[in-house]
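Chemist: Dropping the structure in here first, questions after.
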Amino acid sequence: MRTPHNINPQIQGSSLAQKAKILLFCTIVIVANSPIANPSFSNFSKFESVLAERYGPVAVRRGNAWRQELIALDSIPVIEQLQGVNQFFNQRVTWQSDVAIYGALDFWATPAETLGEGRGDCEDFTIAKYVSLRHLGVPSEQLRLTYVKLQRPGGRSQAHMVLAWYEAPGAIPLILDNADPQVLPANERRDLKPVFSFNSDALWIGDSRQTTDVAPSSRLSQWRQMINRAQAEGIKL
């Protein structure tokens, strides 16, 4: 889901049960040759060549725009980084279902795939935002990719994914979402009910503050597959 002019709520995602079966998610980062790049994270030249070979010049321009956005957001307050990253992807990527883009019920796209297509679903938005903030130096422990039930008008709920940023352990997180363009505290998003969340290192059930003993990479097959593809595209995790 994105802003109203970009979304068809009837096709926003499969049911929570379907998603849960497919799931049981995301990280990567970019820009080796820019001043803010962490060399251990990425090879931007490789990333750019992937965009050029697979998707063409329009995709390369999107990739370069992302790189320039990251440079512009470097060394500014983290709240402004959250807002900038959220706005960039919400404006540059069009929401579309995995079935329409990839012919699959559920597919977690790498940043190259999302920027190459210029389209993505809620997981793809969340992955790209997570990667961007990690690239900017936001610690993984402050970020959680959060699988939620999204309450729709009329009482219907659907599976959805957002990115949560925690200023400190136990704090009310700020939510980055393609369904709502504002970066809001979680307690102002009454339409979201957490199911589980994770980052590169840990997994949480519901809104628990205690991590599980499960490593995300061991349970989330789509996440593992996405990481492998990202590495082949120049993004080293």
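Chemist: Would you be able to say whether some residue in region 23-40 is buried (at least 20 other Cβ atoms within 10 Å of the Cβ), modelled with pLDDT of 95 or more and closer than 23 Å to Gly234 by Cα? Don't jump to the end; show me each part of the working.
Modeler: Our first condition is that a residue be buried (at least 20 other Cβ atoms within 10 Å of the Cβ); within region 23-40, this holds for 23, 25-31, 37.
Within this subset, residues satisfying the condition of being modelled with pLDDT of 95 or more are none.
No; the residues of region 23-40 include none that is buried (at least 20 other Cβ atoms within 10 Å of the Cβ), modelled with pLDDT of 95 or more and closer than 23 Å to Gly234 by Cα.
Chemist: Check region 214-221 and report whether any residue there is in contact with a helix residue (DSSP H, G or I) (Cβ under 9 Å, 6 or more places away or on another chain), among the hydrophobic types (A, V, I, L, M, F, W, C), assigned to a loop (DSSP other than H, G, I, E, B) and at pLDDT 95 or above.
Modeler: no
Chemist: Continuing with the same structure: When you check Ala164 against the structure, is it under 22 Å from Lys46 (Cα atoms), modelled with pLDDT of 95 or more, outside any helix (DSSP H, G or I) and among the aliphatic types (A, V, I, L, M), yes or no? Please lay out each step first, then the result.
Modeler: Numbers: under 22 Å from Lys46 (Cα atoms): no; modelled with pLDDT of 95 or more: yes; outside any helix (DSSP H, G or I): yes; among the aliphatic types (A, V, I, L, M): yes.
Considered against the rule, which asks whether it is under 22 Å from Lys46 (Cα atoms), modelled with pLDDT of 95 or more, outside any helix (DSSP H, G or I) and among the aliphatic types (A, V, I, L, M), Ala164 comes out as no.
Chemist: Is at least one residue of region 139-150 within 26 Å of Glu53 (Cβ to Cβ) and among the aromatic types (Phe, Trp, Tyr)? Walk me through it before giving the result.
Modeler: Of region 139-150, the ones within 26 Å of Glu53 (Cβ to Cβ) are none.
Looking through region 139-150, none of the residues is within 26 Å of Glu53 (Cβ to Cβ) and among the aromatic types (Phe, Trp, Tyr).
Chemist: Quick test of your reading of the structure: Asn228 fulfils all but one of (1) within 14 Å of Thr110 (Cα to Cα); (2) at pLDDT below 85. Name the failing condition by number.
Modeler: (2)
Chemist: Going by what's in this entry, would Ser208 be described as small (Gly, Ala, Ser) and either over 25 Å from Asn86 (Cβ atoms) or modelled with pLDDT under 85 (or both)?
Modeler: In short, yes.
Chemist: What residue, of Ala72, Ala59, Ala109, is buried (at least 20 other Cβ atoms within 10 Å of the Cβ), assigned to a helix (DSSP H, G or I) and among the hydrophobic types (A, V, I, L, M, F, W, C)?
Modeler: Values: Ala72 fails: buried (at least 20 other Cβ atoms within 10 Å of the Cβ); Ala109 fails: assigned to a helix (DSSP H, G or I).
Exactly one residue qualifies, and that residue is Ala59.
Chemist: Leu115 - would you say it is part of a loop (DSSP other than H, G, I, E, B) and either on the phi < 0 side of the Ramachandran plot or surrounded by fewer than 24 Cβ atoms within 10 Å (Cβ to Cβ) (or both)? If you could, list the steps in order and put the result at the bottom.
Modeler: Details: part of a loop (DSSP other than H, G, I, E, B): no; either on the phi < 0 side of the Ramachandran plot or surrounded by fewer than 24 Cβ atoms within 10 Å (Cβ to Cβ) (or both): yes.
No; evaluated as a whole, the condition is false for this residue.
Chemist: Within 22 Å of Asp180 (Cα to Cα), among the hydroxyl-bearing types (Ser, Thr, Tyr) and modelled with pLDDT of 50 or more: is that true of Ser97 in this structure?
Modeler: Values: within 22 Å of Asp180 (Cα to Cα): yes; among the hydroxyl-bearing types (Ser, Thr, Tyr): yes; modelled with pLDDT of 50 or more: yes.
Answer is yes for this residue.
Chemist: Could I ask something else about it? Among the candidates Pro139, Pro185, which residue alone is of a type outside the set (Asp, Glu) and farther than 23 Å from Glu69 by Cα?
Modeler: Numbers: Pro139 fails: farther than 23 Å from Glu69 by Cα.
One residue alone meets the criteria, Pro185.
The values are calculated or read from the model by the stated rules, or taken from the named source; none is laboratory data. Small disclaimer: the values here were computed from a predicted structure and weren't measured. Virtual Cβ from ideal backbone geometry, glycine too; neighbours counted across all protein chains shown.
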